[in-house]
Structures are given as structure tokens and as C-alpha cells.
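Taken together, the values in this text are just the output of simple stated rules run on the coordinates, not laboratory data. Everything numeric in this text was worked out from a predicted model, so none of it was measured. Cβ placement follows ideal geometry from the backbone for every residue including glycine, while neighbour counts extend to all protein chains displayed.
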Amino acid sequence: MSRLNRIVVVGASLAGLRAVQALRREGFDGEVTLVGAETHVPYNRPPLSKSVLHGDDDVTLPGAEELGDQWLRGRQAVRLDARDRTVTLDDGTGIGYDGLVIASGARPRRLDGVHALRTLEDALALRAELESGHEHVLVIGGGFIGGEVASTARQLGRKVTLVDSAPYPMYSGLGEEASRWLAGHHERNGVELITNVRVTAVDGGQVRLGDGRTIAADLVVGGMGVLPNTEWLDGSGLAVDDGVLCEPTLFAAKSADIVAAGDVARWPHGLFGGEMVRVEHWSNANEQGAVAARNLLAGPEDAQPFVDVPNFATHVHGARVQTAGLPHLADAASIATGSPEEDRFAVAFSRHGVLVGAVVVNSPKDLIKLKRAITARESV
Ligand SMILES: Cc1cc2nc3c(=O)[nH]c(=O)nc-3n(C[C@H](O)[C@H](O)[C@H](O)COP(=O)(O)OP(=O)(O)OC[C@H]3O[C@@H](n4cnc5c(N)ncnc54)[C@H](O)[C@@H]3O)c2cc1C
């Protein structure tokens, strides 16, 4: 028998939905209230920077149809009183809980005059702009969202400039070899790449760079990273530092009735020496939502640590780039198969001789093998 009767889930996207589904699957028959700031049925974000920009509106998230009537859409949690176990909403309503799942995700850094891409509304607005015939698109930030937007804009025949502050796009996530390949891949597909420089201001289509240059663009899109949505936890007593700080089991630090999951959660990863990580990938939110909910029901004593190996894929100008593990932790990297010249290769990343990450270009089978080897903590 669960010791919980009322569970509140804040954030009605991937992690929140998977938490609600897991609660029901585990036989929890108490009250579940899902609070979501967006008005939509939970939807899938990866298509927003891919198929949606090409005109396909399908963003269905399987399982969203299972949500019952204990779902408050268009309502934001503005405060948590962890001692009284109450979540306060933006209309002043207080909801009591015995167990709380924090799944409030992340939001993009936004700049005036720059399109961001996080929500369905963002994607539809950007699509309308791309379709309206703007000639020159400038993308700030060469991460996966910036890269996918640049790729889509090229496919639509636009002139594209990509500005990144690192030596190569996705430098920190992919490492030297693969990010250098990605830079070349962008350029071979007609993207003008400007690297090692920051955008300092955007003023009505005039984009100013740190080296003094100004570039005129018809449309400016930003992929400048995200910030975890934790402001509503201010004053709650929960430890927050670039996300909700959690135990290995996803219980909020020192809490026995609050768990966190998805883009908002930061926890010590058992497979990587307890390194504190916050992962902004689909599969992480997908798995963590369910594990956090199961652990909440089990209680801290019987909870299982979350040790899944992070993995991620992006599509850029027809190439598939995948990562597994945490390449940025590595002290050594080497090409495991193929070569960048063939546009098909895998890079293995190790720390103290143990495999900690992999980056794979156009070779999904290698990713499966390397991910297994990372899970097994194989030596290189
Ligand atoms: C354009 C785009 C493309 C992507 N492509 C990929 C990809 O190819 N591969 C990949 O692995 N990942 C991709 N991702 C990342 C992936 O979508 C995220 O990791 C995932 O959505 C995280 O889910 P989440 O539920 O943790 O958070 P979110 O999806 O951020 O959802 C959080 C929800 O909580 C709501 N919320 C926030 N604060 C409150 C509050 N106080 N009260 C109530 N509700 C609140 C928000 O409105 C939001 O609906 C992409 C993301 C974007 C934006």
C-alpha cells in the first residue's frame, strides 16, 4: 500500500506525462493532479525544429490521450511550500499534496527581435517567417536547435549565416573531431559559418558581433541554450543550482516526498563517478518521468538510482549525429570507426581509460555498441 494519497505533478510535457502514466501503471489509485502552464495537450518538441518547420503539424506525444480530468491546463505553479506540502497556482489556488513531481522543464534564453524555439507557438511563428520569403536567415548558436534551423532554412533555399562563440558548432558536446566535421558539413551545405565570436546586440535585423562587425539579416533565430524553470521554487527551501538538486534516486535533496525529472532535474550520475548532470534530451525526460514517479511511490529507502546513459540524436543537412554518455567529461578521444572524410565515423571518449562517451555520425549501429560499452564501463 502506498503511503501517498494525493500526488501533484508540475509541468505537463514529456517528463510530467510519463510520471502520470507510471503512477497509474504502478496501481496508484489516489488523486493525481497535473498542472501545466501550456494550454495544449502534452506534445512532442523534437519535431518543432524538424518536420513542423517543413509544414507537418504532427507533434503527437503517445500517451497524452490517457490524461484524465485531474489536469489543470494553462495554469502555472507560482510557489511551493514544502513544509505545508502545498503548491500555489497563478490564480491563487493552493493544492495540497503528499507527493510532488517537479517536471517544469526549461525555457530558452530569449532576446528581443530574435526568434526562440521551444513551444508550438514558437515553431508556427518561425515557420510563418521562413515561408514569408525572407532571404537571409541568421542563426545565433550552433547547438542542435540552431543547427537544425540552419539546415531547414537551407533546404528552403534561404541564405543562412550561423554565428557561434565556440571554435566549431557543438564544440563542447561533440568534441574537437566531430564538431570540426560538423563545421565543414554546414559549409559544404552552403551555410556561412562565423565562429569564435559572440553576438553582442540585435537591433532591427542588424546583428552586431563582438569583433565589431555588423551583419544585416531578414530573420534572426536564436538557439542560445536553456534555463531550468525553477523560479517558482524560490523560498521553498529546496536546493536549486542550475536545476533542482537531487539525490541519485531523483528525490529532491534531503526530501522524502518530492522528486524531479527531465530538463529541470540535476542529479549525481552513478555511472560517471557521481558527476552532477542535468540532461536536456528527450530520452532522459522520457525515462526519468517514470522512474521518479516509481521512486516517489516506493519511498526513499526503496528507491532505485537513475543511471541510464544519456543519448541524443540530431539531423543536420541529411546527416544523423548521435551522442551517448558524457563526452565532455573525457580526458582522451579517438576515432573508433570510419573517418570524417567519408561523413561516417564514431569517436570514443574516455576518462582515466574508461569509456564515458561516444559521438557517431551516420553510423547508428556503432552508437548502439558504444552505448552498451559505456554502460558496462569498458576500458579503452
Ligand atoms: C525545438 C526542440 C527540438 C528538440 N529536439 C530534440 C531532439 O532531436 N532530441 C532530443 O533528445 N531532445 C530534443 N529536444 C529536447 C527535448 O524536447 C526536451 O529534453 C524535453 O522536452 C524535456 O521534457 P520536460 O518534460 O523535462 O520539459 P519541457 O518539455 O520543457 O516541459 C516543461 C513543461 O512545464 C511547464 N511549466 C514550466 N514551469 C511551470 C510551472 N511553474 N507551472 C506549471 N507548468 C510549468 C512548461 O510550460 C512546459 O510545458 C528538443 C527540444 C526542442 C525545444
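Compute the acute angle (0 to 90°) between the alpha-carbon long axis of helix 144-155 and the principal axis of greatest extent of the alpha-carbon atoms of the chain; round to the nearest 10°.
The two axes meet at around 50 degrees.
Working from Cα positions, state the angle (0 to 90°, nearest 10) between the long axis of helix 14-25 and the longest principal axis of the chain.
40 degrees
Report the relative contact order of the chain, percent, no decimals, based on alpha-carbon pairs under 8 angstrom and at least 6 residues apart.
Relative contact order, the chain: 15 percent.
Report the gain in length on full extension from residue 213 to residue 73: 0.36 nm times residue separation, minus Cα-Cα distance, nm rounded to one decimal.
45.9 nm
Please state the shape class of the range 202-246: rounded when a/c is under 1.5, otherwise prolate if a/b exceeds b/c and oblate if not, all from the C-alpha gyration tensor.
In terms of gyration-tensor shape, prolate.
Taking amide H positions as placed 1.01 Å from N in the peptide plane, with prolines and chain starts having none, which residues 5 or more places from residue 316, or on another chain, fall under 5 Å of its amide H?
Residues meeting the criterion, in which the H sits 1.01 Å from N, are 321.
Counting pairs of alpha carbon atoms under 8 Å apart in space and at least six apart in sequence, what relative contact order in percent does the range 318-375 give?
Answer for the range 318-375 is 37 percent.
What's the whole-number percent of alpha carbon pairs in the range 318-375 lying beyond 18 angstrom?
Value for the range 318-375: 24 percent of Cα pairs lie more than 18 Å apart.
Using the Cα gyration tensor of the chain, with a ≥ b ≥ c the square roots of its eigenvalues, what is the shape: rounded (a/c below 1.5), prolate (a/b larger than b/c) or oblate (neither)? Intermediate values should be presented prior to the final figure.
Details: a/c = 2.02, a/b = 1.36, b/c = 1.48.
Since a/c reaches 1.5 but b/c is at least a/b, the shape of the chain is classed as oblate.
What aspartates and glutamates sit close enough to residue 365 to cross-link, taking a C-alpha to C-alpha distance under 17 Å and skipping anything fewer than 8 places away on the same chain?
Residue 365 reaches 342, 343.
Just check the range 24-120 against the gyration tensor rule for me: Cα atoms, a ≥ b ≥ c as the square roots of the eigenvalues, rounded for a/c under 1.5, and otherwise prolate or oblate depending on whether a/b exceeds b/c.
Oblate.
Find the centroid of the Cα atoms in the range 196-252 and in the range 329-360, then give the distance between the two in whole Å.
Between the Cα centre of the range 196-252 and that of the range 329-360, the gap is 28 Å.
Take each of the peptides 247-257, 335-345, 13-23, average the number of other beta-carbon atoms within 10 Å over its residues, and list them starting from the highest. The partial results should precede the final answer.
Working: 247-257: 19.1, 335-345: 15.1, 13-23: 26.6.
Most protected by this proxy first, the peptides run 13-23, 247-257, 335-345.
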